[in-house]
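Undergrad: Here it is, the structure, as structure tokens.
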Amino acid sequence: MIEVSAPGKLMLSGEWSVLEMGNPAIVLAIDKKAIVKISPSESIIVTAEQVGVKNAKAVFDDEKIVFLGLTQNQGKGLAFVKTGMETALRYLNEKKVEIKGFHLQTDSSEMHAQGEKLGFGSSAAITASVIFAVLSHHGVKPENEELFKLSTLAHYFAQGKIGSGFDIAATVNGGALVYTRFDQGQIERLALKPVTQAISEKWLGLGMKKINLPQNMFFLAINTGKKADTRELVTKMKKFRTEKKHDYFRIINAVRETTISLAQALENNEGEKIISLIKKNRLLLKELGHKSGTKLETTELTKIIEEAELLGCAAKFSGAGGGDNAIAVGFGNEKKQELLNAFKNKGFRIIATSISENGVGINA
């Protein structure tokens, strides 16, 4: 049996602006992980207890995976597992690798609480770890960029052609990363080509660079307890982009410049500047939500942010907004404990987590 793990993510800066090609985001891989186990079998079998699937049989017809005897909800719950398996198996076919049966078991419980997703990128982590596991089962080990591209192709289309790929980049590479998005139009064209050809081409705009965080910097993840509807937010944001381009790009470009400055401040260990830039990013995202009518910063998020700022730290929502998580940043162990106590006294839901320096890989 092979056991593969993949880290989750928190975004530190660059929300929404990263959807425009060439704009950077700073993303952190965190130690909340998805686990995939794969073992030899006579046929293809999948177990995903998170979505109520146990020993489901599947058939691969050289293009698609077809599950046998699943309900509609179970099939929907396996969407990312399905596209991950399909992408990996098509890749193996094109490489003339003989397909072997396997039993695939997925576990993303670390990224859930009370049965609800915590917004740490579980679908990206599952997609990448499924692909890595299936390839490893067949004796194939992809390079990071190959795995990123395979996982992105699978994930992007499984979620309806939305997203920037930053969560895939975090789960594949680990650590703290400056990421810039690929050209969406190119990916849609590449998806029509053989998988091996699609990942061998240069993806326009794509950038992934690891950076170092200051040693005395800490971050806390605080969950609002409310699930964000990312798909709805994206729909509204697209409308804002179309109808009020000037306002949209004014804010998006300001977020871009703030993120570039923040990446430099992180590398240079400029504590005060880091706090100032995260506060600035928060205000820009709040304005984006107000102007677009999306209320990206919810009441719960505002309470968390204001509490952090009272203690000389900075905080903002992490990801699309509209719920899910806030990320709070500060410096020094004393300040961290002070902030932890304040959050606990307010009844905020703190998720204990830290940076995962390693991306997708086989557990020893």
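Undergrad: Report, to two decimal places, the Cα Rg of the range 145-263 normalised by 2.2 N^0.38 Å (N = number of residues). If you can, show how the numbers build up before the last one.
TA: Working: Rg = 16.4 Å, N = 119, 2.2 N^0.38 = 13.5 Å.
For the range 145-263, the normalised Cα radius of gyration is 1.22.
Undergrad: Run the numbers for GLU201 and GLU143: contour at 0.36 nm per residue of separation, minus the present Cα-Cα distance, in nm.
TA: Working: separation 58, 0.36 × 58 = 20.88 nm, distance 1.44 nm.
Full extension of this stretch gives 19.4 nm more.
Undergrad: Could you identify which residue out of VAL134, VAL66, VAL27 has the top mean-square fluctuation in a GNM of the chain using Cα springs shorter than 10 Å?
TA: VAL66
Undergrad: Roughly what angle does helix 122-137 make with the longest principal axis of the chain, taking Cα atoms, 0 to 90 degrees, to the nearest 10?
TA: Helix 122-137 and the main axis of the chain meet at about 40 degrees.
Undergrad: Tell me, in nm to one decimal, what length is gained between LYS209 and HIS112 on full extension, where the rule is 0.36 nm per residue of separation less the Cα-Cα distance?
TA: Details: separation 97, 0.36 × 97 = 34.92 nm, distance 2.86 nm.
Stretched fully, the LYS209-HIS112 segment lengthens by 32.1 nm.
Undergrad: What FRET efficiency comes out for ALA352 versus MET217 if R0 is 22 angstrom and r is the Cβ-Cβ distance? Round to the nearest 0.05.
TA: Numbers: r = 17 Å, r/R0 = 0.77.
Computed FRET efficiency for ALA352 and MET217 comes out at 0.85.
Undergrad: I've got another one for you. Rounded, prolate or oblate for the range 265-364? Axes are the square roots of the Cα gyration tensor eigenvalues, ordered a ≥ b ≥ c, and the cut-off for rounded is a/c under 1.5.
TA: Numbers: a/c = 1.36, a/b = 1.23, b/c = 1.11.
The shape class here is rounded.
Undergrad: Going 7 Å from the Cα of PHE157 toward and past its Cβ, which residues in the range 179-201 have a backbone nitrogen under 17 Å from where you end up?
TA: 183-201
Undergrad: Measure nothing but the geometry: give the 0 to 90° angle between the long axis through the Cα atoms of 333-345 and the longest principal axis through the Cα atoms of the chain, rounded to 10°.
TA: 80
Undergrad: By how many nm would the segment from THR302 to ASN73 grow when fully extended, if each residue of separation counts as 0.36 nm and the alpha-carbon distance is taken off?
TA: Working: separation 229, 0.36 × 229 = 82.44 nm, distance 3.45 nm.
Stretched fully, the THR302-ASN73 segment lengthens by 79.0 nm.
Undergrad: Follow-up question, since we're still on this one. Roughly to the nearest percent, how much of the accessible area of the range 109-200 is carbon and sulfur, given a 1.4 Å probe? Before the final figure, lay out each step's value.
TA: Values: 1340 of 2940 Å².
The computed percentage sits at 46.
Undergrad: Which residues make up the longest stretch of the chain clear of GluC sites (Glu not before Pro) that lie in a DSSP loop with no more than 15 other Cβ atoms within 10 Å, not counting the sites?
TA: On the way: sites that count: GLU42, GLU63, GLU98, GLU143, GLU201, GLU357.
In short, 202-356.
Undergrad: Debye calculation, C-alpha points only, no solvent: report log10 I(q)/I(0) for the chain at q = 0.11, 0.13 Å⁻¹, in the same order as the q values.
TA: Taking Cα atoms of the chain as identical point scatterers yields -0.73, -1.01.
Undergrad: Give me the percent of accessible area attributable to carbon and sulfur for the range 216-277, probe 1.4 angstrom. Let's see the in-between values first.
TA: Working: 1570 of 3410 Å².
Whole-percent figure for carbon plus sulfur exposure: 46.
Undergrad: With a 1.4 Å probe and all protein chains left in place, how much accessible area per residue does the chain have, in Å²?
TA: Values: 16030 Å² over 364 residues.
On a per-residue basis, 44 Å².
Undergrad: Let me ask something additional. Against the empirical 2.2 N^0.38 Å scaling, what ratio does the C-alpha Rg of the range 17-149 come to? List each step's numbers first, then the result.
TA: Working: Rg = 15.5 Å, N = 133, 2.2 N^0.38 = 14.1 Å.
So the range 17-149 has a normalised radius of gyration of 1.10.
The values are calculated or read from the model by the stated rules, or taken from the named source; none is laboratory data. All figures in this text were calculated on a predicted structure; none of them were measured in a lab. Every residue, glycine among them, receives a Cβ derived from its backbone with ideal geometry; neighbour counts consider all protein chains shown. Keep in mind that these areas ignore ligands, DNA and RNA; they rest on the heavy atoms of the full protein, side chains included. Shrake-Rupley method; radii C 1.70, N 1.55, O 1.52, S 1.80 Å.
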